[in-house]
Structures are given as structure tokens and as C-alpha cells.
């Protein structure tokens with residue numbers, strides 16, 4: 001959006017040309033290409049209303065956000081909906097982003113909150129016990145049908161068990177195992193300490209063993 | 001004393017070596033826990049996420065973009081509280097009829113109407129006698145210029161209409177179908193030229 005706009009009013013001309021300057025109070029905008037901007041500058045560009053800036057943030061983080069959501073809900077459609085919700089919340093909250101963590105960590109934090117608040121373990125379980133959709137996507141060309149069946153069955157059991165974990169344990173397990181986040185990063189996302197994250201992780205793996213044993 | 005959960009996690013993940021915990025060698029409880037941790041880690045890691053179609057990512061971006069655009073429109077609705085009553089009614093009516101780009105285009109016209117009304121309304125009454133012109137070093141204050149910062153509604157309208165051109169307004173089809181305006185909006189350049197010629201001809205004939 002341009003920083004100023006001039007209206008000219010035909011039909012009501014005083015001696016001097018009529019010009020109505022309207023100046024928006026906007027920060028100076030970086031004139032470099034969006035692609036060249038670093039994370040912080042890109043956020044600033046978003047705040048300044050620069051077209052395409054938020055789209056680029058989405059492009060850079062959409063995969064990670066989608067995968068996070070998928071790990072929580074186990075369904076492509078729900079993960080898509082939740083991803084959209086995560087980015088929408090990020091857009092709304094961009095002004096409050098202080099840059100104390102990375103944008104990725106901040107988005108993960110939003111993602112975990114959205115997923116934990118929106119998805120009950122019961123819902124997730126219902127979806128995960130019918131992993132037909134997952135079977136359609138996995139490359140099965142190199143696998144024997146019997147092996148594929150066994151693998152799908154085992155994966156479905158593990159997914160279902162993860163879905164039944166307590167909220168913080170589930171979030172910790174997902175972020176650590178599938179997103180390879182450090183304990184410190186997970187602590188930032190969950191708003192806890194590294195010690196608490198490690199303890200959660202330990203208990204998550206212990207609970208996982210018990211839950212898998214129940215369904216064996 | 002047994003290893004703590006933190007120590008076991010570090011060893012299971014390989015960030016700490018087993019040799020650094022001599023207790024492990026003599027404690028079957030801790031060794032068993034370590035085996036279980038590694039086994040569960042491995043089981044969890046094996047669960048893959050099906051890769052969506054490559055086309056999905058652009059689709060997701062488009063969805064987010066559309067949601068953000070709707071958010072902007074919604075924010076505008078909230079902002080319209082600050083508009084004068086007449087304009088708010090007009091804008092709300094347009095909002096209910098049109099959406100997205102069409103709405104933005106309609107605001108261009110609304111803005112034009114608003115400005116004419118506002119500036120016209122604030123036009124000072126013509127002076128009966130002209131005051132003598134006094135040379136002054138101060139910049140001349142133009143009474144026809146409405147300072148935007150004094151009028152929140154103008155700022156809202158300006159931010160909404162920025163970047164809109166007549167083509168967009170035309171495409172939005174603000175004029176109702178069946179009206180003369182709509183018919184004119186649908187005309188090609190050559191048809192418009194011909195219309196202008198006929199009108200000028202008619203005006204010249206009537207002496208207007």
C-alpha cells in the first residue's frame with residue numbers, strides 16, 4: 001500500500017489546484033525484493049502491509065505447519081483446515097510478535113495450541129484407526145502386500161497410542177520426534193523448562209509403551 | 001542411585017554416552033528403561049506422514065490468502081464504525097451485495113461520492129466583499145483542502161481505495177444490471193467513442 005494518496009476533486013475548483021493529501025502513518029518500507037528479506041524484515045514488511053509479504057511467510061513455513069497439524073490429527077483434510085487456522089491466527093497476532101523466538105518457533109507455538117485446543121484425543125483416535133488415506137499416499141511399490149499391511153497396522157497402533165497421550169506429552173513427543181526440535185526449542189514452544197520437556201518426553205515414551213501393550 | 005529421566009533421555013537420544021553413566025553397567029532396572037526408551041523412540045520415528053500432492057502446497061497458500069483477505073474485509077467492517085452514518089449505510093449495503101474485489105471497487109465510488117459531499121459541505125460561503133490581499137510569509141492555507149488527519153473516515157476510505165483504478169470499478173459492475181450505467185460500463189472503447197460522438201452531436205444540435 002502506498003504511503004500517500006492524493007485526491008483531485010473535479011467540479012469544485014478553487015483558484016489553486018485542489019489536492020487533498022492523505023498521509024498514512026506507516027513505517028519506512030524496505031525496498032528490497034521480498035525474497036531477499038530476512039525473517040525479521042519480512043515480518044516488518046507484513047506489518048507495513050507490503051503485498052505478498054505474508055504469502056511468503058506462509059510459503060516458507062506451510063510444510064512444517066501442515067506436518068505438525070497432521071501429526072496431531074492424522075487426517076489430511078483436518079490438517080489442512082488447522083494449518084489455515086494457524087496461519088490466520090499468526091496473521092492476526094503478527095503485531096504482537098516481538099522476535100524473541102524465531103518465527104518458526106512462534107508458529108509452532110500457535111500450531112500446538114490450535115491442535116491441542118481443537119482436537120480431542122477421541123476425535124483423533126477415530127480417524128487414526130482408519131488410516132485408509134495414509135495408505136493411499138505412501139509409496140508402496142517396493143513393498144510386499146503382506147509387509148505393507150503389517151507396517152500400516154503397526155503405524156496405526158502407534159498413531160492411536162500417541163493420540164491418547166496426555167496433551168503436553170503428546171506435543172513434546174511430536175515436536176521432538178518428528179520435527180527434530182531441540183529440548184530448548186520445545187521448551188520455548190510449550191512455555192516450560194528444558195528439564196520439564198525431558199521429563200515429559202521420558203514419560204511420553206513410557207506411556208506409549210503401556211498403551212501399545214494394551215492394544216497388542 | 002538410579003539415573004534420572006533426563007539422563008536416560010540424553011543417553012537414549014545419543015547426546016550423552018553410556019560410558020558417562022557407570023551406574024548403567026550394574027543396574028538392570030536402568031538398562032531396561034533405556035532399552036524401552038530406545039524401542040519406543042524407534043517405533044514412533046517409523047510412523048511416517050503421507051506426502052501430500054505437490055499441488056497441495058499452493059492450494060494451502062491460496063486458502064490462507066483467501067482467509068486473510070476475508071479477515072481484512074472483516075477488519076474493515078469494524079473500522080466502518082468511524083464512517084459517517086450515510087456512508088456506513090451505503091458501504092454496508094454494498095458489502096451485503098458484493099464481495100472481495102467488487103466490494104473494494106465499490107468503495108472507490110463511495111469514496112468519490114463522500115469526498116464531493118464532504119468538501120462541498122465544508123465549502124465556505126462566498127464573501128460579499130473581498131478582503132484586501134496582505135502579503136504574508138506564512139504558507140497559504142487552502143480552504144478547499146480537508147486535512148485527512150482531522151477526518152478518520154477519509155483515512156479509512158483512503159486506505160481501502162488505494163490502488164483501485166477505474167478499470168477495477170468497471171469490472172466490479174457497480175451499476176445495477178439493466179441500468180444505463182451498466183450498459184455504458186459494458187461498452188467497448190469503440191462503442192464509447194461512438195456514444196460520445198452522438199452525444200456531442202445531439203448537444204450541438206440542441207445548442208447546449
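The values are calculated or read from the model by the stated rules, or taken from the named source; none is laboratory data. The structure presented is a predicted model; accordingly, all values stated were derived computationally and were not measured. Methodologically, a virtual Cβ is constructed for each residue, glycine included, from the backbone with ideal geometry; neighbour enumeration extends over all protein chains shown.
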remark   = Going through (1) surrounded by fewer than 20 Cβ atoms within 10 Å (Cβ to Cβ); (2) at the interface with chain B (Cβ under 9 Å from one of its Cβ atoms); (3) at pLDDT below 90 one by one, residue A:63 fails only at (3)
message = Restricting to region A:51-60, name every residue that is touching a residue at least 40 places away in the same chain (Cβ under 8 Å) and either crowded, with 21+ Cβ neighbours inside 10 Å or away from chain B (no Cβ under 11 Å) (or both).
response = A:54, A:57
ask   = Within region A:162-179, is even one residue within 13 Å of chain B (Cβ to nearest Cβ), surrounded by fewer than 21 Cβ atoms within 10 Å (Cβ to Cβ) and farther than 16 Å from residue B:12 by Cβ?
value = yes
task = State whether one or more residues within region A:3-20 are out of contact with any strand residue (DSSP E or B) (no Cβ under 8 Å at 6 or more places or on another chain), within 11 Å of chain B (Cβ to nearest Cβ), at pLDDT below 85 and at positive phi.
result = yes
Given (1) crowded, with 19+ Cβ neighbours inside 10 Å; (2) farther than 22 Å from residue B:40 by Cα; (3) modelled with pLDDT under 70, number of the condition residue A:143 does not satisfy = (1)
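Quick grid of which residues meet (1) without any contact (Cβ under 8 Å) to a residue 12 or more places away in the chain; (2) closer than 30 Å to residue A:57 by Cα; (3) facing chain A (nearest Cβ under 10 Å):
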| position | (1), (2), (3) |
| --- | --- |
| B:1 | no, no, no |
| B:10 | yes, no, yes |
| B:14 | yes, no, no |
| B:21 | no, no, no |
| B:47 | yes, yes, yes |
| B:51 | yes, yes, yes |
| B:62 | yes, yes, yes |
message = Condition first: crowded, with 18+ Cβ neighbours inside 10 Å, more than 11 Å from every other protein chain (Cβ to nearest Cβ) and part of a helix (DSSP H, G or I). Can you find one or more residues in region A:204-211 that meet it?
response = no
